[in-house]
């Protein structure tokens with residue numbers, strides 16, 4: 001079913017330094033506002049499928065490149081990725097990319113590949129890191145940092161990629177809760193953070209209501225404050241949220257619908273019940289800021305002006321206009337669950353079926369049906385993030 005037949009409701013988030021497109025018609029997607037912006041196209045959990053992806057400067061893939069980690073699956077995925085137009089393509093593994101977990105896979109390869117035999121990790125790494133990958137801008141990260149430029153003379157971006165996620169049935173790159181803090185403590189502060197698994201309470205709710213995101217990662221985020229944190233893993237958690245941090249040392253506030261307001265030093269709590277939200281929206285205004293002054297200052301100023309006694313008048317009796325204080329810099333993190341594998345209640349969508357159809361004995365020209373969204377289809381498209389350099 002062509003994607004354009006599905007009913008699309010465009011949604012985007014706008015802040016002074018980030019624009020996030022979460023649902024869009026690919027044929028009418030807005031370009032970046034100016035050359036001072038960089039477009040990041042975010043995907044995850046593609047599981048050896050391919051689909052249309054919007055062009056951009058940088059492609060970010062947060063793991064589960066394959067379903068079972070076979071050489072054939074990796075070849076298919078790399079063929080697709082190398083053919084995409086993005087100048088830089090940063091990818092990591094996920095728990096399904098079994099053969100990339102060195103040592104762990106070798107202990108029991110037939111658990112996963114009894115039908116096809118043990119897979120050749122060296123051949124897979126050649127696909128991911130060989131001359132063809134390098135020529136196409138493909139960069140595979142496994143618990144490591146990378147820096148890059150996408151524009152001549154432009155800014156240098158830094159990214160850290162980690163394939164690890166909390167323990168789940170002993171799949172690849174799993175860690176137990178007690179090992180999380182030591183693992184996450186190794187993450188450096190970078191512009192971009194790619195992790196396969198999301199942080200706890202951030203776009204990590206499953207169909208069963210569980211929240212399997214990583215608590216250690218959540219605790220570390222106020223210190224890391226990346227411009228973008230892209231994860232996946234929880235397909236039904238797909239969505240995006242822009243969080244505005246305040247103060248220093250990890251003070252922050254954010255609100256997820258039904259989750260309450262966060263205290264200082266905490267990351268936001270947000271799920272995709274309230275997709276397309278940002279913590280700078282009108283509903284998230286700080287109540288203390290709204291109530292400050294109660295209008296009393298203006299009332300006394302009027303009285304002083306009437307009596308010619310306003311403080312600060314110059315010798316001509318004219319009060320100079322005050323200089324507004326410089327704006328306080330605000331750190332923002334764009335949180336993205338970029339899963340493109342349709343799952344959960346958002347995986348079914350209305351589709352327009354054109355033509356004459358019999359409906360209760362009456363001919364109607366068009367009708368609407370509900371159909372399963374294809375990989376990378378509406379609601380599970382690549383999330384497009386534009387950042388001001």
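The numbers here are math on the coordinates, done by the rules we state, and not lab data. What you see is a predicted model; the values in this text were computed from it and never measured. In this analysis, Cβ positions are derived from the backbone assuming ideal geometry, glycine residues included, and neighbour counts consider all displayed protein chains.
Remarks
- Modelled spin-label separation between residue 186 and residue 111, with each label point placed 7 Å from Cα along the Cα-to-Cβ direction: 2.1 nm.
- Cα centroid of region 137-158 to Cα centroid of region 8-71, whole Å: 17
- Ranked by the mean number of other Cβ atoms within 10 Å per residue, highest first, peptides 164-177, 194-207, 21-34 order as 194-207, 164-177, 21-34.
- Packing, as the average of other Cβ atoms within 10 Å across residues, places the peptides 84-93, 231-240 in the order 231-240, 84-93, highest first.
- Gyration tensor (alpha-carbon) shape descriptor, region 64-208, a/c threshold 1.5: oblate
- Cα gyration tensor shape for region 125-193, rounded if a/c is under 1.5, else prolate or oblate: oblate
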